[in-house]
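Here the structure is laid out as structure tokens; the discussion comes afterwards.
Read-outs throughout are calculated quantities, based only on the coordinates presented, and are distinct from any laboratory measurement. For clarity, every value in this text was computed on a predicted model and none was experimentally measured. Glycine gets a Cβ as well: all are built from the backbone with ideal geometry, and neighbour counts include every protein chain shown.
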Amino acid sequence: MFRAGMRAAADHGRALPRYGSREEAERALFAQRDVLLDRLRAVAPNSASFHFDFTPESLKSLERWYFELHELAAFGKIGLSRETFERCIAMYFGEVVVKNHAEFKWAVQEFAFEPGRYEIGVIRGTVAVMLKRESIWREYRRWVS
């Protein structure tokens, strides 16, 4: 299991973007976060139940909407690929956490196993939640409860 975990970490690290410095990574990843949030805000009116309001409860309706789009293979109908929509969801999750819990802040960190590669997430003290594509409601309850 240890080898498999190390292999998964290495694969994840190689997939992360490479930057010359933390400052460069912050500028790029925070800008990307903002673009993804803007894209989700723009397509949100296509959902009857999801409201782009950064409330914890909105995570449930966003996740339901995601699975509806997935089931119907309808991401293209709202002008986003599945991967882009998933990245939008991850950034929305982070913004919900930050807006609803003052002790959390946005952060960009270098990936421990791949120097020069960075990821974005939210942190509270020594706890960092780096944002990937996972069940957003379950993750929200896990990290802020």
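Descriptive notes on the structure:
- Glu26 vs. criteria surrounded by 13 or more Cβ atoms within 10 Å (Cβ to Cβ) and within 27 Å of Ala112 (Cα to Cα): yes
- Filter result (more than 18 Å from Glu57 (Cβ to Cβ) and among the hydroxyl-bearing types (Ser, Thr, Tyr)) within the range 78-113: Ser81, Thr84
- One residue stands out among those in the range 55-109 that are over 17 Å from the mean Cα position of the chain (by Cα), on the phi < 0 side of the Ramachandran plot and among the hydrophobic types (A, V, I, L, M, F, W, C): the one that is surrounded by the most Cβ atoms within 10 Å (Cβ to Cβ), which is Leu69.
- Pairs are defined by a Cβ separation below 6 Å, a sequence spacing of at least 6 or placement on different chains, a first member in the range 104-131 that is closer than 21 Å to Ala31 by Cβ, and a second member that is surrounded by fewer than 18 Cβ atoms within 10 Å (Cβ to Cβ) and acidic (Asp, Glu); the pairs so defined are Val108/Glu26; Tyr118/Glu110.
- Members of the range 27-51 that are of a type in the set (Phe, Trp, Tyr), free of Cβ contacts under 8 Å to residues at least 40 places away in the same chain and not in a loop (DSSP other than H, G, I, E, B): none
- Phe93 vs. criteria touching a helix residue (DSSP H, G or I) at 6+ places or on another chain (Cβ under 9 Å) and closer than 16 Å to Leu131 by Cα: yes
- Residue match in the range 31-43 (condition: farther than 25 Å from Leu80 by Cβ, loosely packed, with under 15 Cβ neighbours inside 10 Å and of a type outside the set (A, V, I, L, M, F, W, C)): no
- Within the span defined as the range 52-61, every residue fails to be of a type in the set (Phe, Trp, Tyr), in a helix (DSSP H, G or I) and under 15 Å from Tyr92 (Cβ atoms).
- Some residue of the range 14-26 being aromatic (Phe, Trp, Tyr), within 18 Å of the chain's Cα centre (by Cα) and over 16 Å from Met130 (Cα atoms): no
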